[in-house]
Structures are given as C-alpha cells and as structure tokens.
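S.K.: Below is one structure. I have some questions about it.
Just so it is clear, none of the values below were taken in a lab; they were calculated from the coordinates. Only a predicted model underlies this, so the values are computations on that prediction, with no experimental measurement involved. Ideal geometry is used to build each Cβ from the backbone, glycine not excepted, and the neighbour counts take in all protein chains shown.
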Amino acid sequence: MNGSSALVREMALALSSMKQASLDLAIFPPFLLLNEAVNAFADVALVGAQHVSEYHEGAFTGEISGSMLKAAGVTLALVGHSERRQLYGETDALAGQRLVNLAKQNIDPILCVGETLTQREESQVESVILKQLSALDALSDGYESETQLTIAYEPVWAIGTGQQASPDQANEVHEFIRRRIRKSYPRLEPGLRVLYGGSVKADNVRPFLQQPAVDGVLVGGASLSVEGFVALCTEALLVD
C-alpha cells in the first residue's frame, strides 16, 4: 500500500533506458494505479497485480476479479504473498482458487512461498514450502498447459527485519522447489522461474543472482525509490 501516480511516471521514465537491455522487468502497483502503470510502462516492463480474488464475480465488496485485471491489461499477479498470509490469514486452499482464476484469464501467477524464523530453526523449511506448493494442485492439466509459473521464495524472517538469508541458503531452497515442481507438476516446469525475495537491494543483489538456481528477485522496499531500484537493476545487468 505504497506508491503514487508521480512514482509510476518517474519510475517508467527512469527504466525506459533499460528497455533494450537483457532484463525482464515487472511492476506490481496497488490496484488504483494499475491502469496508469499499464500505459506508463508499455514497452518498458510488464505490469502485475498484488492480489486477486478467489471469486469470479458477485457481491464481494472490495475484491478484484481476474477478469477485471485482464481488462486492465495486467499480465501477472502475485498469489500467497507472505504479508497476505500473515496479515489476512490467506490459506493454501485460497491460493489454489486464485491460481485457477488467473489461469482462466491467461494471467501468469507468481506464487509466493517461504518459512518463518521459528520454522527454519525447527528444520521445517521443506515441509512448510511443500505445503504451500500444494496450492498448485488446484490447476488442472488444461490450466497447466497455459500457465507460465513463477515461484517466489521469500523467507519471512528475512523481510524487513535486518536479517538476511545467505545466497547459499536461498539457492538450496530454490533447488528444492525445482525438484518438487519437476516431480509433482511436470507440466508447469517449462518456463518455470524461481525468484528470491528477502530484503534485496542494490548492494546485496548480485551474489543472489549469481546462484545457479536463482532466476531473479522479487523486490520490496527497494522498489519505492527510483534511484535505488534503478541501481538494483543496473547491478542485475552486471551478473554473468
């Protein structure tokens, strides 16, 4: 729940110089800025939503359907972000319903997974992520064939806490996620991307992107500064 029309315009202008670079960019603004972002970031970045309803339509005040996102020009959407799980009690079952609604609209999902500090200390990382990945069970074969899946691993204990997962820790979890997708959801493996999201910024992003199982990053607070986000993107372009 951050950002403004001014930030959308400033960010689009700043990133326009990178549009020919070998860097895939996507921006996820609040709902009220989606239309403006779709126009501002045309030819610069994809635009995604932070959330989608599990319902297609009806008397669900405050919710936004997949068809509404599609009409706005949205091509991506986050599902199961750690803040949605923690603050609003979103479950894996709800995440599964939302994945289906996005698939019906040919909107590609970014399913967020990750453990708390207590769960990591109790060696529950894989079991927690395995359960969160079960949301993918809701996708039928037909939906799978149309969906390009992205998984974002965001260790909850490393978001806005000053603590940080190491690149090796991130890579280990990413490898586990890839193995699980290959075994249980092989139709979703083509085009699979696994992103790391844990307080990444310009001065720490490069070691994560150098890990073999890390395809990119899901940026939080660092995306609220035009200068900081451009610096992060510049660092990403320097990774071999």
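S.K.: With each run of n ≥ 4 DSSP H residues scored as -39500 (n - 2.57), what mean residue ellipticity at 222 nm is computed for the chain after dividing by its residue count and rounding to the nearest 500 deg cm²/dmol?
M.R.: Working: 11 runs with 100 residues, N = 240.
Estimated from H runs of four or more residues: -12000 deg cm²/dmol.
S.K.: Add +1 for every Lys or Arg and -1 for every Asp or Glu among the other residues with Cβ under 15 Å from the Cβ of Gly142, and state the total. It would help to have the intermediate numbers written out before the result.
M.R.: Working: positive: Lys104, Arg187; negative: Asp137, Asp141, Glu144, Glu146.
Its environment carries a net charge of -2.
S.K.: Among the lysines in segment 5-237, how many pairs, 8 or more places apart or on different chains, have alpha carbons under 30 Å apart?
M.R.: So the count of such lysine pairs works out to 9.
S.K.: Sorted from fewest to most neighbouring beta carbons within 10 Å, what does the list Met11, Met1, Met18 look like?
M.R.: Working: Met11 25, Met1 5, Met18 17.
Fewest-to-most ranking of Met11, Met1, Met18: Met1, Met18, Met11.
S.K.: Based on the alpha-carbon set only, what is the convex hull volume of the chain divided per residue, in Å³?
M.R.: Details: hull volume 29.3 nm³, N = 240.
Dividing the Cα hull volume of the chain by its residues yields 122 Å³.
S.K.: Show the residues, 5+ positions off or on another chain, whose built amide H is closer than 5 Å to the amide H of Ser4.
M.R.: The answer is none.
S.K.: Roughly speaking, what is the stretch gain from Glu10 to Gln210, that is 0.36 nm per residue apart minus the C-alpha to C-alpha distance, in nm to one decimal? Display every interim value, and only then the final one.
M.R.: Details: separation 200, 0.36 × 200 = 72.00 nm, distance 2.91 nm.
69.1 nm is the gain from fully extending Glu10 to Gln210.
S.K.: Follow-up. Local charge sum around Met11 (other residues, Cβ-Cβ under 15 Å, Lys/Arg +1, Asp/Glu -1)? Don't jump to the answer; show the numbers that get you there.
M.R.: Details: positive: Arg9, Lys19; negative: Glu10, Glu36, Asp43, Glu227.
Every neighbour counted, the sum reads -2.
S.K.: Something else about it: Sort Arg120, Arg98 so the one with the fewest other Cβ atoms within 10 Å of its own Cβ comes first.
M.R.: By the 10 Å Cβ count, ascending: Arg120, Arg98.
S.K.: If you add up the charges near Val217, with Lys and Arg at +1 and Asp and Glu at -1, over every other residue whose beta carbon is less than 14 angstrom from its beta carbon, what do you get?
M.R.: Numbers: positive: Arg193, Lys201, Arg206; negative: Asp24, Glu154, Asp203, Asp215, Glu235.
Once positives and negatives cancel, what remains is -2.
S.K.: Among Ala152, Ala93, Ala49, which one shows the biggest mean-square fluctuation in a GNM of the chain, springs joining Cα atoms closer than 10 Å?
M.R.: Highest fluctuation of the listed residues: Ala93.
S.K.: Could you sort 186-192, 201-207 so that the peptide with the highest average Cβ count within 10 Å comes first and the rest follow in order? Spell out each step's value before the answer.
M.R.: Details: 186-192: 13.4, 201-207: 16.4.
Highest-to-lowest ranking by the protection proxy: 201-207, 186-192.
S.K.: Test of understanding: ordering Glu175, Glu122 by Cβ neighbours within 10 Å, fewest first, what list do you get?
M.R.: Details: Glu175 15, Glu122 12.
Fewest to most other Cβ atoms nearby, the residues stand as Glu122, Glu175.
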